[in-house]
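The values are calculated or read from the model by the stated rules, or taken from the named source; none is laboratory data. Please read all numbers here as calculations on a predicted model, not as lab measurements. Neighbour counts run over all protein chains shown; Cβ positions are idealised from the backbone, glycine included. Remember, those area values only see protein heavy atoms, side chains included, never the ligands or the DNA or RNA. Shrake-Rupley method; radii C 1.70, N 1.55, O 1.52, S 1.80 Å.
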Amino acid sequence: MLPIIFCLSILVFGKSESAGILYPRASESRDLRTLDGLWSFALTNNSVNGRAEKWYRVNFKAVDDLNVQSMPVPASYNDIGSDADLRDHVGLVWYQRNFFVPKSWNGQRVWIRFSSVCRAAQVWINGEWAVSHDIGHLPFQADISSLVNYGDENMITVSVDNTLLNTTIPQGALQELSSGRIKQTYNFDFFNYAGIDRPVVLYTTPTTYIDDITVATDVGGTSGFVNYTIAVEGSDTVTAKVSLVDKTGTEVATDTVLSGTLFVQNANLWWPYLMDPNPGYLYSLQVQLLDSSGSLVDKYSLPVGIRTITWDSKSVKINNKPIYLRGFGRHEDSDIRGKGLDLPLIVRDYNLIKWIGANSYRTSHYPYAEEIMDLADEVGIMIINESPALNTENYSDELLENHKRSLTELIQRDKNRPGVIIWSASNEPRTQLVEAEDYYREVVAHIKSLDTSRPVTVVNYQLPDEEYSGQFLDIASCNIYFGWYTNPGDLDTVVADVIAGAKRWNELHNIPVIVTEYGSDTLEGLHFLPVYIWSEEYQDALLSKHFEAFDQMREEGFLLGEMIWNFADFKTEQSFLRVGGNKKGLFTRNRQPKSSAYLMRKRYWALAQSLDDADVPDDLDGYIFESSIAKDEL
C-alpha cells in the first residue's frame, strides 16, 4: 500500500511565511545571498533595556556607549569572548549588520531566512518588525519585500533571548544569586548555548512560487513510487512539469500535475550505510512552474531517496529488510563555536562515523542543522530525529502547545528526508508523573496526525512499570546507566541488569527496544589496573559487558539497536560532577579517539559483517573476531 500523503500547517509568525520552510536553493528563478559573517553585537544588561531604547532603529556603530563588539554568524556567542559575563549571560543580546539588495530584485518576493536562532528571536528590517520565533534549532523566515530598499543598503537587527522558563522548549528557571546576578538553571546535561548559530540568507522567489513539496515513497519489488504534493502560492493559472532525475542526469519519470505518483522501474533504492554497496542513493525531484506560454515561472529541486519503512512488535524494516541500529547519541558541540554550524567538523564527524562502522545516531536532544541532515541522507546514515523538548516536567497546557509546535516545525522541515526513520517526541521526560499520561497521549497523537510513515518513540530513563508514555509508542527507547549512575564500579551486575531492564519494555508493551544511551565518563589518558571508574580501561570494560547483554537480547529478537552515550565529549554547565564537561564520548571534544573508539570499531564492524554481509576494512581484517560477536555468527 502506498504511504498516505500528509498535510502540515505553519505556526511561525511574521509578515508572510512559507509552509514547508524549503531549504533555500538558487535556481533559474531564484537568487540567493548569504548574510553570514561578522555582525555588530551588544548585550542588554540590568541598566540597559534595548527594546525600551529601540535599538532596532539605531545604528549600533553610531552609538558611543553601546559597547559594540564583533560577533561571527553562525556561532554561539558564549565562548567567543574572554569573560564570564558573556559566557553566562541571561536575557537579551542584539545582532546587527547592513546588507545590499540589488535593484533587479524589485518586483520579486524577497525572503529572510534563519536556519536557527537559540532561542527566542525578533527581527527588524530598517527599523520595522519583520518576524518573531521562539523555538531554537529550527528554521523560520519572512517575506520582507515591502521592508527593503532596492538598489541600496539595508539594516537588519535581531534580538535573541536565551531565557528558559517552565513553559519554554526546553524548560528552565531563573534564580537570583546573593550577588544580585540572575542565573539560568536547567535540568538537562549540556550547555545552554545561544545566539544566531546557523546560516542566515536572503533569497528571492517569483510572486508565484513553489511554497512546499511533500514526498512519500514506496517500494514494490524492483520498482519505486514517489508520491508528491506541491503547494503553490500566487497565481493559480500556472501549469507544472515534475521530473525525477537520477545521478547521471537522466530523467526517469515525469508528470504534469501538482499532486501525483511517479513510477520508477528498476529503482535505485535508498539504503543505509553498509547495508548495500551503493548506500544513500538520492534522486532529484525537479519541479517547474510554467505560465500559459510555457515559460519558466519558478523551479525548485528536492533530493529524494526511495525507500519504505515498516515496523511491528519485534522489528523495523527498510525496503523489507530488518535493520539493527549501531550508533550514538550525539551533540552539536565544539570548542569556541559552541553549537554554531561548523562545516569542517561536520565532515570530520561523518568520516569518523564511517570509520567506526556505525549506521545511525539520534539528534540528541534537538533538531540538528540541515547541512548535517543533508550529509546523513547522502552517506546513508539513519536518524532518530528528536524534538528539542527534554526532561519535561511541570506539565501545563501552554507547555503542551509549545511542545506540539516544536514537533510540527520539526516534521515540516524533515518530512522528506529518507535518513529520518524514527520521530523522538522527547528525551528523559518525567513520565513517572501521572499527568504525563494525557500529555504524551496528545503529543504522540499529534506526531501521527502529521506523519504516519515513521514510528514514534519517547526516550525514557524511567522504569517501564513506573511510567505512562510507553503505551502510546511504536518503539521503546531506554537510557540505562548500570555500572555508572546505578551501581558504579560493579561491572559484575551489568549484564543481568541491562537485560532485565530492556526486556521488560518489550514484555510490557510488545514493541521493539532500542538502548539509546549507556556508558561512562572517561578522562582521556587516565589509566588504572585493575580497572577503576573514570579510566579508559573502565569504559572499555563497561562497554564489553553491555555487548554481552546486547548479543543475548538480539538472539531473543526484540532488540532494535544500541547507541552509546556519547559520540564525543561535550560541554555542560559547571558542576563538580563534570570535569570540563561530559566525558562519556568515544572521541574527545576535538574528535580524537579514546581507547573505547577502537573497541567500538571492532564491535560495529563485526555486526556489519554478521548482519549485513559488509566488507571489513583492510586494517581490521585479522583481528575483527576479537569483538564480542561470536565467530560462528560471522
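Remarks
- Simple point charges give the picture: +1 on the Cβ of Lys and Arg, -1 on the Cβ of Asp and Glu, and for the range 168-261 a dipole about the Cα centre of about 420 debye.
- Tail beyond 14 Å, pair distance distribution of the range 513-585 (Cα, percent): 64
- For the set Arg441, Arg362, the ranking by accessible area, highest first and with no ligand, DNA or RNA atoms included, is Arg441, Arg362 under a 1.4 Å probe.
- Gyration tensor over the Cα atoms of the range 307-347: the corresponding equivalent ellipsoid has semi-axes (square roots of 5 times the eigenvalues, largest first) of 34, 11, 8 Å.
- Spherically averaged projected area in nm², based on the convex hull that wraps the Cα atoms of the range 174-263: 12.4
- For Asn460, nonlocal amide neighbours, meaning residues 5 or more places apart or on other chains whose placed amide H falls under 5 Å from its own, are Glu428, Ser477, Cys478, Asn479.
- Around the Cα centre of the range 199-313, unit charges on the Cβ atoms of Lys, Arg, Asp and Glu (plus for the first two, minus for the last two) sum to a dipole of about 280 debye.
- Given Lys317/Lys415; Lys314/Lys594; Lys321/Lys583; Lys314/Lys448; Lys317/Lys354, the pairs whose alpha carbons are separated by over 30 Å: Lys314/Lys594; Lys321/Lys583
- Evaluating kT/(6 pi eta Rh) at 37 °C and 0.692 mPa s, with the Kirkwood radius of the range 443-497 over Cα pairs in the Stokes-Einstein relation, gives 249 µm² s⁻¹.
- The convex hull built on the alpha-carbon positions of the range 485-612 has an orientation-averaged projected area of 8.7 nm².
- Spatially, the range 158-234 and the range 530-580 are offset by 30 Å when compared through their Cα centroids.
- For the range 108-165, Kirkwood radius (reciprocal of mean inverse C-alpha pair distance, Å): 12.0
- In the chain, a dipole from Cβ-located charges (positive for Lys and Arg, negative for Asp and Glu) runs towards its positive end, and of Leu491, Ile112, Gly151 it is Gly151 whose Cα lies farthest in that direction.
- Cα gyration tensor, the range 455-545 - rounded (a/c under 1.5), prolate or oblate: prolate
- Rh by Kirkwood over Cα pairs, then Stokes-Einstein D for the range 350-474 at 0.890 mPa s and 25 °C, µm²/s: 164
- Fraction of antiparallel bridges per DSSP, the chain only, in percent to nearest 5: 75
- Values of log10 I(q)/I(0) for the range 254-364 across q = 0.19, 0.21, 0.24 Å⁻¹ run -1.11, -1.20, -1.35, by the Debye formula with one identical scatterer at each alpha carbon and no solvent.
- Taking all protein chains as they are arranged and a probe of 1.4 Å, the heavy atoms of His446 leave approximately 30 Å² accessible to solvent.
- Under the Debye formula (equal points on every Cα, no solvent term), log10 I(q)/I(0) of the range 267-328 at q = 0.15, 0.22, 0.26 Å⁻¹: -0.62, -0.92, -1.09
- A cut-off of 5 Å between modelled amide H atoms, ignoring neighbours fewer than 5 places along the same chain, links Arg589 with Asp569.
- Listed residue (Leu202, Ala121, Asn187) projecting farthest to the positive dipole end of the range 113-258, Cβ model: Asn187
- Considering every alpha-carbon pair of the range 341-413, the percent of pairs per 10 Å bin, from zero through the bin containing the longest distance, is 17, 43, 25, 13, 1.
- Projected onto their three principal axes, the Cα atoms of the range 69-160 cover extents of 47, 25, 19 Å, largest first.
- With 5 Å bins from 0: P(r) over the range 81-223, alpha-carbon pairs, percent: 2, 8, 15, 17, 14, 12, 10, 8, 7, 4, 2, 1, 0, 0
- Alpha-carbon radius of gyration plus Dmax, which is the widest Cα pair, for the range 210-310 in Å: 14.4, 48
- Computed from the C-alpha gyration tensor, the three semi-axes of the ellipsoid equivalent to the chain are 39, 33, 22 Å, from longest to shortest.
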